[in-house]
Every structure is written in C-alpha cells, then in structure tokens.
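Taking it in order: structure first as structure tokens, then the write-up.
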Amino acid sequence: MKQATKGFTIIEVLVAVIVLTVGVTALVGTAGMATRMVQRGKMSTRASDLGAKRIERLRLAALSTTPRCTAAAFASGGPSTYQNVTETWNVAAAGSLRAVTVSVSYRTAQGTHTDVLTTQIRC
C-alpha cells in the first residue's frame, strides 16, 4: 500500500530559498539606484529653478529703466552659490537683442554637473 506524501522536499525548499534570495538582492540594488536617481532629479530641478529665477531677475532689471537695459543689475556676474548650486550668468554687452546665458552647477556622485540656460532679452 502506498502512502500519500504531503509537504515539500528539501530540494524544493532550497530552490525556493535561492530564487527568493536572487529576487531580494535585485530589489535592493534597484532601490539604491532609484534613490540616487531621485536625488539627482531633485538637484537638477533645484538648479533649473534657480537659473530660471536668475533670468527673470535679469529681465526685470532690463525693463526697469528707460532706456531699457541700462540698469546696473543687468550685467554679467557670479559665481553665486545657494542651496549647493553655483550659478554664473553672462549678458551680452550690446545690441537691441541681448543674449543671456546662465550656467548652474551642482555636485553629483560622478562629479560636477552643469546645466546651461539661454534666452534673449529685447532692449
């Protein structure tokens, strides 16, 4: 007479443990990478926001005087550091349409990353 067997064999348990270990290891590696990507995105957003604000301040300075673009604040400058972001800005010296370039830099795990924002301001 044969007996009905119930439960798992030791081989089945070992295979299940190995599969589970591989899955958990992959999940931990992915979580670390996702955390780094979120932090990098946060710094990139902060840097872009600061650069856009600098462009708006320069635009307001350009429009604050008559004739336009003669305000002392409408000039190249920097470096200026705020919230671990360093920015420098360059304003073209002459012309009715002035090129404005703002460079924002921040540190990452791989080194310093720089984003450049450019626009033109009509004088």
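Each reported figure results from applying straightforward, stated rules to the coordinates on display, with no laboratory input. Since we're looking at a predicted model, the values are computed, not measured. No Cβ is skipped: glycine too gets one built from the backbone with ideal geometry, and neighbour counts run over all protein chains shown.
Before moving on, here are some points about what is shown:
- Taking Cβ atoms as reference points and 10 Å as the exclusive limit, the residues near R122 contribute a net charge of +3, counting Lys and Arg as +1 and Asp and Glu as -1.
- Between 0 and 90°, nearest 10: helix 10-63 axis offset from the chain longest Cα axis: 10 degrees
- For the pair D115 and E56, the difference between a 0.36 nm per residue extended length and the Cα-Cα distance amounts to 19.6 nm.
- Gained length - V22 relative to Y82, 0.36 nm times residue gap less alpha-carbon distance: 17.3 nm
- Computed extension gain for S64 through M33, at 0.36 nm per residue and net of the alpha carbon distance, reaches 6.5 nm.
- Relative contact order, percent, the chain [alpha-carbon distance under 8 Å, six or more residues apart]: 18 percent
- Centroid-to-centroid, using Cα positions, the stretch 1-66 and the stretch 68-123 are 32 Å apart.
- Which label in (i) 1.31; (ii) 2.07; (iii) 1.01 gives the computed Cα Rg over 2.2 N^0.38 Å: (ii)
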